[in-house]
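Colleague: Submitted below is the structure of interest, expressed as structure tokens.
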Amino acid sequence: MKKRRRRLLGIVFALIAVLILLSGAIILFLMKSPKEDQTVLPDKLLMEYMSCIEGGRYDEMYGMLNEQSKVNLSREDFVSRNKNIYEGIGAAGIQTEVTAMEENGETDIAVRYTTVMNTDAGEIRFDNQALYTKNEEGEYRLEWSDKLIFPQLDVTDKVRVSTDKAVRGQILDRNGVMLAGPGIASSVGLVPGKMNESPDEDIQKLSQLLGISEESIRKKLDAGWVKEDSFVPLKNIKKLKDTDLMKEVPSDETLQLKALEDDLLLVPGVKITDVEVRTYPLGKAASHLTGYVQNVTAEDLEKHPGEGYRSDSVIGRSGMESLYEKELKGQDGHTVQIVTAQGTTKEVLATTAKMDGETIRLTVDAELQKAIYSRFEEDKSCSAAMNPNTGEVLALVSTPAYDSNDFILGMSGDQWNALNEDPAQPMYNRFRQKFSPGSSFKPVTAALGLDAGTIDPNEDYGSEGLSWQKDSNWGSYYVTTLHTYQPVILENALIYSDNIYFAKAALKLGSDRLEEGLDRLGFNEQMPFEITMAKSQYSNEGSIDNEIQLADSGYGQGQVLVNPLHLAAIYTAFANDGSIVKPYLRYREEAEREIWIDQAFSSDAAQRVKTALIKVVNNPEGTGHAARLESVTLAGKTGTAEIKASKDDTTGTELGWFCAFTADPQAERPLLLMSMTEDVKGRGGSGYVAKKVKEVLQSYGY
């Protein structure tokens, strides 16, 4: 029994010993196994290395190198080399695929791979090899070589990116006259080696002459690239032309420019040379239309990634320059190449040809644009001219105006402040805004009333004198007019521009039908045109809610506000049997008439209103008679809108309107011109505008 017990105990102890040995083995296995499993193979390491490039994680990449590579190349040099190359070529969308791994001795593994990347010059694709060595800890580390960037790259080679700049497209008028394009300015700069040893006074004088700060001049002179014989550009100024100086009586601007150049050249080290710039030959006459370009900002680069903009690019800021930016800018050409230390091309890695910007041709007539500007340049005014048959926009003018060339040449702080503080608001583009149309709106009320059957053109409304109110519920408010006449019928009401007649006509039409009719004419919606214009309206709150407002709306007051181009487009219905043509600005070799609103008015209503508008200009009693021409039959309508704080305000100003259009549908040069001028009170009201429009038409060849 004791022997059996001893035998059992021996078996138990033996089993325990075996279990202990097995446990130890398991523990040793578990301790060793993870380390072996955690060894990352070179293919994974390479993928991790390559993934760091686009994020600019060059420090992490350096940490993946083997010790010998770190001895051969400092962290700073490694980061600089990789950063300059990858970011210099605009590397993006980098994709790497491992194709093979080969053992190279007991500790080395060669990884073969293919890389594809996008660059400024297009796609680069190459096959390459990376060598990984195992260190004492059993970890693989990358052996650095410049060939890891590109297989053809040696340590003394450089990667060069050359840019072939695209030429920005021109903006032309319908006849090929340049509105925006390449021009020449004078670049004023300094040659450091020719300056006085103590140039403080000279820098101060240049600061005053050029309107730039002394600090900016010093900063440019201290740039790293500047040498003694370098030309350091400070500012561009308008080029002084010999032809301007040779005129019998040079302009004040020419004389001022000559004096400026003379003063500049007295400063030691100053040099003036020609430089190509964007130029706007019509200057102020078309600046609100053309807009201008400026150098891109950091914000622009962030807003337009991958669109080819660089720190020295320009971008359209307003007008046509902004509207057609994509077409005008073109695409720069780029070449990425490896060059030797001697500057010899070793390998072209990628290249793309430049694509110059597209030339944009507009329907605008530069001569008409200039003629309108020259007549209204001293006024707060805007004009829209169209071919009433085709919809081609022939001119868009806003006065007073800034000069786009000033933005190109470099506007001083004083110039900028003067523009923005000028009470006439030269930076304000009036042809994009909406204004109270006054009596220029009456033909619209007339046509809507005729079509609704609420206006009988032969009904005599009876003379009310010069003031009228519907009833005593209007309190002290009266509608006033300027003329009495007989009989008080539609045609005469348009000829004499009778406010009372159209107040009554609006009441007969009713707010619902007036609103419905105006909605159909494009009120309260964006008109279809390349430039975004202010939406015309008939009420601030969306509807006409009382009799007085309705009555005032009938003759273009109340809360009616209209964009001048929209109103011009509506007037085309009177020249096209009731249909409104769609205005457009991009030139077509064959003018294509497109109807915006078919039969906005009936043919009968449009013709009846047109007949009256011919008499507005050609009848001696017509309010537009001042615009009458012997050479062509015009139709037209005046309008004077009161701008006041309340119905009782007597201190407000007035807007003057006049629209004239060629009445003959077969006219050789069909034209519709809508003009509005602010502050005409005491200057003849809308008659002032009618006279100006006549001068424009005469200078345009009518």
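The values are calculated or read from the model by the stated rules, or taken from the named source; none is laboratory data. A quick note: this is a predicted structure, and the numbers were derived from the prediction, not measured. Cβ sites come from the backbone with ideal geometry, for glycine too, and all protein chains shown count toward neighbours.
Colleague: Would you confirm whether any residue within segment 407-424 is in the same structural domain as GLN526 (by TED's automatic domain parsing), closer than 24 Å to GLU678 by Cα and not in a helix (DSSP H, G or I)?
Modeller: no
Colleague: What number of residues within segment 473-496 are in contact (Cβ under 8 Å) with a residue 40 or more places away in the chain and under 16 Å from ILE614 (Cβ atoms)?
Modeller: 6
Colleague: I would also like to ask the following. How many residues does segment 589-605 contain that are without any contact (Cβ under 8 Å) to a residue 24 or more places away in the chain and either part of a loop (DSSP other than H, G, I, E, B) or aromatic (Phe, Trp, Tyr) (or both)?
Modeller: Within segment 589-605, residues that are without any contact (Cβ under 8 Å) to a residue 24 or more places away in the chain and either part of a loop (DSSP other than H, G, I, E, B) or aromatic (Phe, Trp, Tyr) (or both) number 4.
Colleague: Let me spell it out: the conditions are (1) surrounded by fewer than 16 Cβ atoms within 10 Å (Cβ to Cβ); (2) within 20 Å of the chain's Cα centre (by Cα), and THR340 meets all of them except one. Which number is the exception?
Modeller: It is condition (2) that THR340 fails.
Colleague: For segment 126-162, give me each residue that is under 28 Å from GLU106 (Cα atoms), small (Gly, Ala, Ser) and outside any loop (DSSP other than H, G, I, E, B).
Modeller: ALA130
Colleague: Out of GLN337, GLN369, GLN415, I need the residue that is touching a residue at least 60 places away in the same chain (Cβ under 8 Å), under 30 Å from ILE212 (Cα atoms) and not basic (Lys, Arg). Which one?
Modeller: Going through GLN337, GLN369, GLN415 in turn, just one is touching a residue at least 60 places away in the same chain (Cβ under 8 Å), under 30 Å from ILE212 (Cα atoms) and not basic (Lys, Arg): GLN415.
Colleague: Which of (1) part of a loop (DSSP other than H, G, I, E, B); (2) closer than 24 Å to GLU102 by Cβ; (3) not hydrophobic (A, V, I, L, M, F, W, C) does SER51 not meet, given it meets every other one?
Modeller: (1)
Colleague: Which numbered condition in (1) under 30 Å from THR119 (Cα atoms); (2) surrounded by fewer than 19 Cβ atoms within 10 Å (Cβ to Cβ) is the only one that VAL293 fails?
Modeller: Of the numbered conditions (1) under 30 Å from THR119 (Cα atoms); (2) surrounded by fewer than 19 Cβ atoms within 10 Å (Cβ to Cβ), the odd one out for VAL293 is (2).
Residue-by-condition table, conditions (1) surrounded by 14 or more Cβ atoms within 10 Å (Cβ to Cβ); (2) outside any helix (DSSP H, G or I):
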{"site": "ASN458", "(1), (2)": "no, yes"}
{"site": "SER463", "(1), (2)": "yes, yes"}
{"site": "SER476", "(1), (2)": "no, yes"}
{"site": "LEU482", "(1), (2)": "no, yes"}
{"site": "ASN492", "(1), (2)": "yes, no"}
{"site": "GLU525", "(1), (2)": "no, yes"}
{"site": "ALA534", "(1), (2)": "yes, yes"}
{"site": "GLY542", "(1), (2)": "no, yes"}
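Colleague: Let me ask something additional. Regarding MET355, is this residue surrounded by fewer than 23 Cβ atoms within 10 Å (Cβ to Cβ) and in contact (Cβ under 8 Å) with a residue 12 or more places away in the chain?
Modeller: yes
Colleague: Still on this structure, I have one more. Any idea which of (1) surrounded by fewer than 19 Cβ atoms within 10 Å (Cβ to Cβ); (2) out of contact with any strand residue (DSSP E or B) (no Cβ under 6 Å at 6 or more places or on another chain); (3) farther than 27 Å from TYR309 by Cα is the one LYS165 doesn't satisfy?
Modeller: Condition not satisfied by LYS165: (3).
Colleague: Being within 24 Å of TRP416 (Cβ to Cβ) and without any contact (Cβ under 8 Å) to a residue 12 or more places away in the chain: is that true of ALA185 here?
Modeller: no
Colleague: Scan segment 85-93 and give yes if some residue there is touching a helix residue (DSSP H, G or I) at 6+ places or on another chain (Cβ under 6 Å), surrounded by 15 or more Cβ atoms within 10 Å (Cβ to Cβ), closer than 20 Å to GLN68 by Cα and assigned by TED's automatic domain parsing to the domain that holds GLU67, otherwise no.
Modeller: no
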